[in-house]
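Beneath this line is the structure, given in structure tokens, with notes to follow.
The values are calculated or read from the model by the stated rules, or taken from the named source; none is laboratory data. If you're wondering where the values come from, they're calculated on a predicted model, not measured in any experiment. Using ideal geometry, Cβ is built from the backbone for each residue, glycine included, and neighbour counts are taken over all protein chains shown.
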Amino acid sequence: MPVVFAMHALTTTAVVRWPRRHYVVALSFLACTLAYTDRVNIAVAAVAMKEQFGWSQTEKGLVLSSFFVGYLLFMFLSGLLAARFGGKLVLGLSVLAWSLFTLLTPMAASLSMGALIATRIGMGVGEAAMFPAAYELFGRWVPPIERARGVARLLSGISLGTVVGLTGSGWLVAHFGWPSAFYAFGVAGLVWGVTWFRTIEDDPASDPRVEPTERALLVMPEQASTRLAPAQYRRLLLSAPVAAIVVAHFAMTWNIYVLISWLPSYFREVQGLSIANAGLFSAAPWLTMFVFGNLSAAVSDRLIARGAQVTRTRKYVQCAGLLLSAAVLLLMREAHTPTVALSLLCVGMAALGCSSSGFAPAMLDVAPRHGAVLYAYSNSFATVPGIVGVTLIGWLVDVTGTYTAGFVLTALVSVAGALAFGTLFHARRIID
């Protein structure tokens, strides 16, 4: 009997400790982590691929940026699909699709530059639905009192996925050749897909494993409909607060995409590190971003719970993060050793992590029931840096012979994002 009671106590503790909504957040976080491992593995592998295939810096930039063509073209449609068919199906199919294209990348590269670019575009189409579908699920599975932390955990998959992708890809490329980076992470995505479809339901009301107390917390009347009339879409998407979110989001992703794509090359070509060490040094700033992104979300929630204004809190973390990261990038010209460069970049990425507690939860502030469409709309603009910014940095490196101009340009984009968010944003709900 004592054994029976002990087992019952352990089971009860597990249920309390891991409500079903935590599984949804955890697996969504893993999806985001996988998405970014599959984005950055080519940034490491491209160092070896450039040497094997004889690419110029501009050609390498074209390969790195081609992903974002498919990502941008499918982004807004993916938000509408997630709102229409639910986050479970759309997110699950999204991961399976981009994992398949990841597995096909080495074969495409061996065929031609055109085949490689087409494969990267297909991978971008697959990844486009990840964030909108996750936001759709969070609208159902994450209660309002946990939304900021839930969003922070989701977005921290960006930094952790980048760390895993850079360090893991560096090790794989050094020991098994560059194709291994695509095979390993592609298979991981397929395993995730099987787990997702077997364990997650689209709505807490249809999941029999949800306890009654949790069901009462999650199933709310406001979730009955997420469709908007055209006039309501215009009112939401053309408002000043949403414009502030879009510009801040654009500035954030300009930093992220440029650094994801070019940090390994910077440490390899400017600081003289090996391919494996370049991946390791490139990963450290993203680990700092992971830590400070989650810390800033917890601090923001605590400040708001104690009575701080939501608008002011969002502005402080967003603007301070972008401005500090800009200052760090302007100092990069003085980084004459790998250690100094790494230290500066860690500070800059910590600042960017804090800024994710600004624009990202702000989407739920202004339209809590329409996160899929709002994120897809904002991310459509925020994907442009992946195409323009990544390619432009490659061109600037070819023309100037240094990375300084690219860092200065990125700093200016950050300053513009901070000014726009600080001037235009307000946390007032626009659409119920």
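Can you name every residue in the stretch 161-177 that is under 26 Å from Thr253 (Cα atoms) and crowded, with 23+ Cβ neighbours inside 10 Å? Within the stretch 161-177, Gly161, Thr162, Val163, Gly165, Leu166, Ser169, Gly170 meet the criteria. Inspection of the stretch 383-405 identifies at least one residue that is at pLDDT 85 or above and closer than 21 Å to Gly157 by Cβ.
Among the residues of the stretch 139-153, the one identified as surrounded by 23 or more Cβ atoms within 10 Å (Cβ to Cβ) and not in a helix (DSSP H, G or I) is Val142. Which residue out of Ser380, Ser356, Ser325 is touching a residue at least 24 places away in the same chain (Cβ under 8 Å), surrounded by fewer than 24 Cβ atoms within 10 Å (Cβ to Cβ) and not acidic (Asp, Glu)? That would be Ser380, the only listed residue that is touching a residue at least 24 places away in the same chain (Cβ under 8 Å), surrounded by fewer than 24 Cβ atoms within 10 Å (Cβ to Cβ) and not acidic (Asp, Glu).
Restricting attention to the stretch 197-213, the residues that are within 28 Å of the chain's Cα centre (by Cα) and in a helix (DSSP H, G or I) add up to 4. From the list Ser414, Ser378, the lone residue that is modelled with pLDDT of 90 or more and closer than 30 Å to Arg84 by Cα is Ser378. Look through the stretch 98-142, keep the residues that are touching a Pro at 6+ places or on another chain (Cβ under 9 Å) and of a type outside the set (Lys, Arg), and return whichever of them is nearest to Leu217 (Cα to Cα). My answer is Trp141.
When the stretch 221-250 is limited to residues that are outside any helix (DSSP H, G or I) and more than 17 Å from Ala83 (Cα to Cα), the one that is modelled with the lowest pLDDT turns out to be Leu238. Here Val24 does not qualify as at pLDDT below 90 and crowded, with 19+ Cβ neighbours inside 10 Å.
Residues that are at pLDDT below 90 and of a type in the set (Lys, Arg) were ranked within the stretch 37-94; the one that is farthest from Gly394 (Cα to Cα) is Arg84.
Annotation: Gly371 fulfils all but one of (1) within 28 Å of Leu64 (Cβ to Cβ); (2) surrounded by 24 or more Cβ atoms within 10 Å (Cβ to Cβ); the unmet one is (1). As for the stretch 186-199, it holds no residue that is hydroxyl-bearing (Ser, Thr, Tyr) and without any contact (Cβ under 8 Å) to a residue 12 or more places away in the chain.
Just so you know, in the stretch 421-432 the residues that are over 16 Å from Leu352 (Cα atoms) and at pLDDT 85 or above include one that is surrounded by the most Cβ atoms within 10 Å (Cβ to Cβ), and it is Phe425.
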